[in-house]
């Protein structure tokens, strides 16, 4: 939450000077010309050799205008205030260096910026790792990220990763360490701008992303991979005094409009942003720009809970939005385990983790949630009433959970089907319910009783809130004393096919 002069004011001043605009003296921005070549960097050194040819037809943008390179790979653009010049990564190419796809303009009237792309054949079917709020405020948080995410993904054949904003927790001085942790993944990582990534020291909202852009490139852009298009938007509109709203600027809407003129409307278009559409005040403007493109998906984060929503369209199928929760869970809060990692259970009842978007051969996609510190098969939790004799403080008050099993499907949506059966009997439907997850409710109860947190651990903030992916299974009355097997299955059109089990113990005293 701290803003140091070194972390914020100096990078902000650098960004203003480089953009050629002195806001302190009210000088008007003067656009300049940038020319250059996009070339095939065969040896990957980032420098153009005499034998390395330009690449024709690559899209280059200044944040609004988009121009394709000519047959020799050349382009020409004018600069815009606070914006970078960047390449739309084409299919079958990758940036030769992590920063070789964007350029920060200077105050010079004529500038040259070449972009090095390395040939990299791509498949039409691949996985994208989706990382919700990392929210790194210290090196300790990055230790957790490295152990939970980086180490687990080393052997994973995914194509690239997307961070969905709030890379830091207002501590922009942590950016270099965070960038190093992301680089350790060993695969391309593309970033999204979040509200906690803002430079609060700027006097003009146009430059709220100035420090972010120095480390991660443009705060909105597009890239192509296989047959899919990924458009990253910055929907955090800085209002001053650390306040913001969800809004997509007019220049971004113009950029998106221009980009869609170059894309096949039948192909998959994935729009990534930090703040979910429900909180974007000009959501309708965005949806209007996308009209005519039937195959659209949205990815967002910000809420620190998993949620999937469908946005109905006048014609064609509804567009799905995946709110991917948070890699940090509940802000790296909660009791620490033997490895020093906080539980950070999200308020929706899902463990901290990350998602995968599995893009298919035919511009389709499926989804998978991966809970940190658990096997990939762990897709839901099942609650049944159990009274602790050793520690009665853990027992919830007698309520409606006494005669039901509560099923939390971490990646569940309105289209998820959940069923259960008792002792290998007939399958029965479970029904969605909007109520707090019982495990989350118990955590808050223990905090109120001061059982948690222990020394040096942080309490979960807020209160238990209704989970958007919880189902209730009504248990039959008159079950005999003893143990009973509960089996649960959950299926979903986006690829979910999960099972879970729970042993229910009935005591004489629990019969009603």
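The values are calculated or read from the model by the stated rules, or taken from the named source; none is laboratory data. These numbers come from a predicted model, not from an experiment. Here the Cβ is made from the backbone with ideal geometry for all residues, glycine too, and neighbour counts use every protein chain on show.
For the reader, a short list of remarks on this structure follows.
- All positions within the range 100-110 that are modelled with pLDDT under 95 and either in a strand (DSSP E or B) or assigned by TED's automatic domain parsing to the domain that holds residue 177 (or both): 110
- If the condition is being surrounded by fewer than 23 Cβ atoms within 10 Å (Cβ to Cβ), touching a helix residue (DSSP H, G or I) at 6+ places or on another chain (Cβ under 6 Å) and in contact (Cβ under 8 Å) with a residue 60 or more places away in the chain, then the range 209-231 contributes only 214.
- Single match in 182, 206, 142 (criterion: touching a strand residue (DSSP E or B) at 6+ places or on another chain (Cβ under 8 Å), touching a residue at least 24 places away in the same chain (Cβ under 8 Å) and either more than 22 Å from residue 252 (Cα to Cα) or not in a loop (DSSP other than H, G, I, E, B) (or both)): 142
- Long-range neighbours under 7 Å by Cβ, at least six apart or interchain, first residue outside the structural domain of residue 412 (by TED's automatic domain parsing) and closer than 20 Å to residue 385 by Cα within the range 494-506, second at pLDDT 95 or above and surrounded by 13 or more Cβ atoms within 10 Å (Cβ to Cβ): none
- Among (1) more than 30 Å from residue 305 (Cβ to Cβ); (2) outside any strand (DSSP E or B); (3) modelled with pLDDT of 95 or more; (4) in contact with a strand residue (DSSP E or B) (Cβ under 8 Å, 6 or more places away or on another chain), the one test that residue 97 misses: (3)
- Boolean, residue 325 is farther than 23 Å from residue 193 by Cα and touching a strand residue (DSSP E or B) at 6+ places or on another chain (Cβ under 8 Å): no
- Selection of the range 66-99 for residues being closer than 23 Å to residue 188 by Cβ, without any contact (Cβ under 8 Å) to a residue 60 or more places away in the chain and surrounded by fewer than 19 Cβ atoms within 10 Å (Cβ to Cβ) yields 92, 97.
- Residue within the range 420-433 that is touching a helix residue (DSSP H, G or I) at 6+ places or on another chain (Cβ under 6 Å), in contact (Cβ under 8 Å) with a residue 40 or more places away in the chain and farther than 18 Å from residue 332 by Cβ present: no
- Subset of the range 232-268 [buried (at least 24 other Cβ atoms within 10 Å of the Cβ) and under 16 Å from the mean Cα position of the chain (by Cα)]: 232, 233, 234, 235, 236
Table: residues versus (1) outside the structural domain of residue 440 (by TED's automatic domain parsing); (2) buried (at least 19 other Cβ atoms within 10 Å of the Cβ); (3) in contact with a helix residue (DSSP H, G or I) (Cβ under 6 Å, 6 or more places away or on another chain).
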| position | (1), (2), (3) |
| --- | --- |
| 350 | yes, yes, no |
| 361 | yes, no, no |
| 387 | no, no, no |
| 391 | no, no, no |
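- Of all residues in the range 313-331, none are in a helix (DSSP H, G or I), free of Cβ contacts under 8 Å to residues at least 60 places away in the same chain and surrounded by fewer than 22 Cβ atoms within 10 Å (Cβ to Cβ).
- Residue match in the range 459-470 (condition: closer than 17 Å to residue 343 by Cβ, modelled with pLDDT of 85 or more and in a helix (DSSP H, G or I)): no
- Residues in the range 433-451 that are surrounded by fewer than 18 Cβ atoms within 10 Å (Cβ to Cβ) and not in a helix (DSSP H, G or I): 433, 434, 435, 449, 450, 451.
- Residue count for the range 153-179, restricted to those that are surrounded by fewer than 20 Cβ atoms within 10 Å (Cβ to Cβ), in contact (Cβ under 8 Å) with a residue 60 or more places away in the chain, touching a strand residue (DSSP E or B) at 6+ places or on another chain (Cβ under 8 Å) and not in a loop (DSSP other than H, G, I, E, B): 1
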